[in-house]
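Data block below; observations after.
The values are calculated or read from the model by the stated rules, or taken from the named source; none is laboratory data. Source: prediction; values computed, not measured. Glycine also receives a Cβ, built like all others from the backbone with ideal geometry; neighbour counts cover every protein chain displayed.
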Amino acid sequence: MNSAELQHKLFTIIAAEHQLAQTTIKKSVDKDSIYKLLRWLRSEFEPKHHYKEENLIYPKLLKNPRIHEGGPFCMHFFHEHLEERPEEIAKSIIKHPIVYSKPQLFFKKNKSPLEIPLEEHVSMSHVLDYLIENYSFLQDAEFSTIFFKYKRMFFNHNEKEQTCFFHLCNDLLDKTDLDAIYSDWLSNPLICLDGNIFWCSLNLSLLNLKFFSSSQ
Ligand SMILES: [Fe+2]
Ligand SMILES: [Fe+2]
């Protein structure tokens, strides 16, 4: 399978939101703009983008028994996940175990490859909260170190989704499922940091996102 087979618009909008977040992160260089960025990630990106992945896509994937097969696209990332576990990185920063919400616990208990992106969501969420809550107390150097770790988790997570998770969805979900998810996805659009609705300004047919390129 190659990137050309990821034809559904759902993958385009998800990858476009990744690109938006990554561009916004890269533009945030001083501590004030980073704080605005963190608040935006907390109020918009996490409760919409990550939430929709977990609530619109994961349940449909889990219904397919083939979810347990994993697949060659995910093997590389599975090893990386074991060597550099986001949960351990988060715990070393927040100094306590990560906590899953009740809906997230459902996916954790139903053992599947979805545990990996889920653990990344939960770990990133805890580090994000830590940075926001301790923004005024952390020394600049410590804040920068933790923010760097957060960014690394975030960028790696997006890359994994585009090189592994998308293919899993493409293999296991049929067009009816993908169309339904796409429609629901657009019904609760992401608001950009400048207040504009993200997808309204997009001409999805003109977007030529390269799922395998490292645009980070
Ligand atoms: Fe995700
Ligand atoms: Fe994502």
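Here are a few things to note about the model shown:
- Conditions (1) more than 16 Å from ligand 1 (Cβ to nearest atom); (2) touching a helix residue (DSSP H, G or I) at 6+ places or on another chain (Cβ under 7 Å); number of the one not met by SER125: (1)
- Residue in region 148-164 that is away from ligand 1 (no atom under 16 Å from the Cβ), in contact with a Leu (Cβ under 7 Å, 6 or more places away or on another chain) and at pLDDT 95 or above present: no
- Selected residue [of a type outside the set (Asp, Glu), within 16 Å of ligand 1 (Cβ to nearest atom) and free of Cβ contacts under 8 Å to residues at least 12 places away in the same chain] from LYS102, LYS95, LYS91, LYS108: LYS108
- The set of residues in region 15-43 being within 14 Å of ligand 2 (Cβ to nearest atom) and closer than 28 Å to SER112 by Cβ consists of ALA15, ALA16, GLU17, HIS18, GLN19, ALA21, GLN22, LEU41.
- Annotation note: of PHE165, PHE143, PHE137, PHE147, the sole residue that is within 12 Å of ligand 2 (Cβ to nearest atom), at negative phi and either surrounded by fewer than 14 Cβ atoms within 10 Å (Cβ to Cβ) or among the hydrophobic types (A, V, I, L, M, F, W, C) (or both) is PHE165.
- Top-ranked residue of region 62-99 - restricted to ones that are assigned to a loop (DSSP other than H, G, I, E, B), more than 14 Å from GLU120 (Cα to Cα) and not basic (Lys, Arg), ranked as modelled with the highest pLDDT: HIS96
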